[in-house]
Amino acid sequence: MNVRVYAALCCVLCTEPQVPVESMEFQNLKISDGFFCSGILKHHHGIATAGLTFRQSRQLSCLFETSETILLSSEVKVIRQNARLLVSGTASKDTERPHPEDLPAGDHITFVIQEPSLDILQHVDEDTDKLECKISRYFTDNTQILWPGIETRVDQLHLWFTGTIKHLADKFTLTVFLVQLSASKEVANQIPRDVSQGNAERFHLSGVFLVRTGPSLLQSGLNKDVLLSCAFSVDHDTDVTIKWVFQRKGAQKKVVFAYNGSTRQVEHKDKRAEMFLAEIPKGNASLLLRTVEVRDEGTYDCSVFVSSLFGTQTVQLEILEKPMVTLNTDVLSLVEGDEQKLICDISHFYPHDAEAQWLQEPKEQGMLPHVVNHVVFSSHRLNSDGTYSFSSYFLLKASLRDDGCRYTCRVEHQSLEYPIKKSLTVKVTESTLATWLLVVLLVLLAAFLLVMLSCFRPKAKTLLACKTFQFSQGMQFLA
C-alpha cells in the first residue's frame, strides 16, 4: 500500500471516521521516507480549517442570517444558512492550498471579499477554529448609500452586508461593512435562495469599513485607569465622527466623549474621559477612563460614523474591588469560663455579594476544621465610595478544650482568586479564683476535722471546748 495513503487511512481511523476520506485534507510531516499524520484539518460545514490561521486559509466558516416577516402576521422569522467567507488575493507561502475562489461552492452561500478592499486579515489573523463568523444583510430602505469610489445609478442599489467575526475566547470582535455593486432594486430586496435545495449563491463583495474592539468584558478595581479599546479602518481617507456612549444598569444613556471629524473638535468630554486625538487619523478610537469609580460600571458603546454608515461595538466594564479583612485581635488569652466576642470585619468590597465563615481548627494535626455555629452577621453598610462592608462575629466562652485552637475567618468574593483567611490563636488557662476557693475549702475542712478529733479526748476542758464550739456553730447556723 502507498505510504501516503496508509498514513491517511490511519488518520481517519484514529480521529473522525464519520467524515469521508475524499472530503478530508491532511497535514503530513515527512521524516526520512515515512509520513506521520499530524491531525485532520477541522471541518466547519465541510470547510477544512483546523491548525491554520485566517491569513493562511483565507476562508472562514460562517452563518448567514436574515429575517422576513410572515404574511398576515407581525411575526418575524429568522433564517440561518451555512455560508463561507473567502478572501481573494495571494495565498500564504506556508500552505499549498487551492485559491479560495477556486473551491467548489458546494451547499454554502459564498461571500468573496475581492480586491480592492480593506485588509481584514490583519485584524483577525487567528486560528480559524477559534473564530465565530456571522453575516447579515444591511438594509438601507431603498436608499442609495453614497460612498466615495462607488458609482451610483438611479435604477440600481448596492447590496450591503455586515460581517461580524468574534474570537471565541473574547479577545476581539470585528464588524465589517461589505458591498456588492450593481444590483437591481428588485434583487437588492430579495433574500438569497435556500441553499438546502442545492442553489448555492456566490457574492463578490468589497470591504469598505470596519470597527474592532478588544475584549467585550473588562474588569477593574477602583481608582485605576482603564483603556476601552476601539479601532476602525476605512478604505479611503476621510473624516470620521466618534461617540462613546455610557449606560449604567437601570439608567439612561449618556455621552461621555464626542469627537466631530469634520470640525476636528471635541464636542463633549467627561472630566475623567480621554481620547488620543492625534491617533484618530490612524484608526485609534480608544477611550481612556481615569481613576474609575463604582459609578463607571456599565456598558460603553463605541460608535464610528463614516458618510452614511456607522459601526458600533459594545464593551462591558465591571468594577471588582477586593475586600479588606481584619480581626479584632490576633492572639487571645482567656481564663476558663471567660466570654469574648470574636469579630471579623469585611470592608470596602464591590460588588455587594460576599460570604464569610468562621472555622475552628483543632490543634491536632490532620483534623478537619469545624464550622462555628451561632454566628451573627451585621447588615451591609454602604460606604461613601460605593463599596460595601459588614461584620461577622460570635461569642466564645472559653474552656480548656479551646487552649491552642485557631479560629479562622474565611471570606469569599468574586474579585478573589482564592479566599482570604485571617486567623487568631486562643490560649486558655485555669481560673485562679477557683483554685483559691478550693484551697480555702480544704483548709476549712482540715480545721473542722481537727476540732472534731479533739472532741473525743477525755479531758474535761477539751470536752467543754468541744461543746462550746458546737454550741457556737449551732448559734451561727440559727443566726
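The values are calculated or read from the model by the stated rules, or taken from the named source; none is laboratory data. The shown structure was predicted, so the numbers you read here are calculated from the model rather than taken from an experiment. We place every Cβ from the backbone using ideal geometry, glycine too, and count neighbours over all the protein chains shown. Please note that ligands, DNA and RNA were not included when accessible areas were found on the heavy atoms of the full protein model with its side chains. Shrake-Rupley method; radii C 1.70, N 1.55, O 1.52, S 1.80 Å.
Overview of results
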item	result
Scan of the stretch 220-254 for residues that are out of contact with any Gly (no Cβ under 6 Å at 6 or more places or on another chain), closer than 22 Å to residue 264 by Cβ and acidic (Asp, Glu), ordered by number	235, 237
Leading residue by the ranking (most open to solvent (accessible area, probe 1.4 Å)) among those in the stretch 77-95 that are modelled with pLDDT of 80 or more and either part of a loop (DSSP other than H, G, I, E, B) or hydrophobic (A, V, I, L, M, F, W, C) (or both)	78
Qualifying residue in the stretch 254-265 (condition: among the hydroxyl-bearing types (Ser, Thr, Tyr), surrounded by 14 or more Cβ atoms within 10 Å (Cβ to Cβ) and touching a residue at least 40 places away in the same chain (Cβ under 8 Å))	no
Matching residues, the stretch 385-404, being open to solvent by 10 Å² or more (accessible area, probe 1.4 Å), more than 15 Å from residue 373 (Cα to Cα) and in a strand (DSSP E or B)	388, 391
Members of the stretch 373-384 found to be open to solvent by less than 90 Å² (accessible area, probe 1.4 Å) and assigned to a strand (DSSP E or B), listed by number	376
Qualifying residue in the stretch 60-73 (condition: under 30 Å from the mean Cα position of the chain (by Cα), buried (at least 17 other Cβ atoms within 10 Å of the Cβ), at pLDDT 75 or above and among the charged types (D, E, K, R))	no
Selection within the stretch 296-311 - at pLDDT 95 or above and under 25 Å from the mean Cα position of the chain (by Cα)	296, 297, 298, 299, 300, 301, 302, 303
Of the criteria (1) open to solvent by less than 90 Å² (accessible area, probe 1.4 Å); (2) in a loop (DSSP other than H, G, I, E, B), which one residue 368 fails	(1)
Residue list for the stretch 330-363, restricted to those being small (Gly, Ala, Ser) and surrounded by 17 or more Cβ atoms within 10 Å (Cβ to Cβ)	354, 356
Qualifying strands (runs of 3 or more DSSP E) (wholly inside the stretch 199-239; at least 2 residues being closer than 16 Å to residue 163 by Cβ and either aromatic (Phe, Trp, Tyr) or open to solvent by less than 60 Å² (accessible area, probe 1.4 Å) (or both))	202-213, 230-234
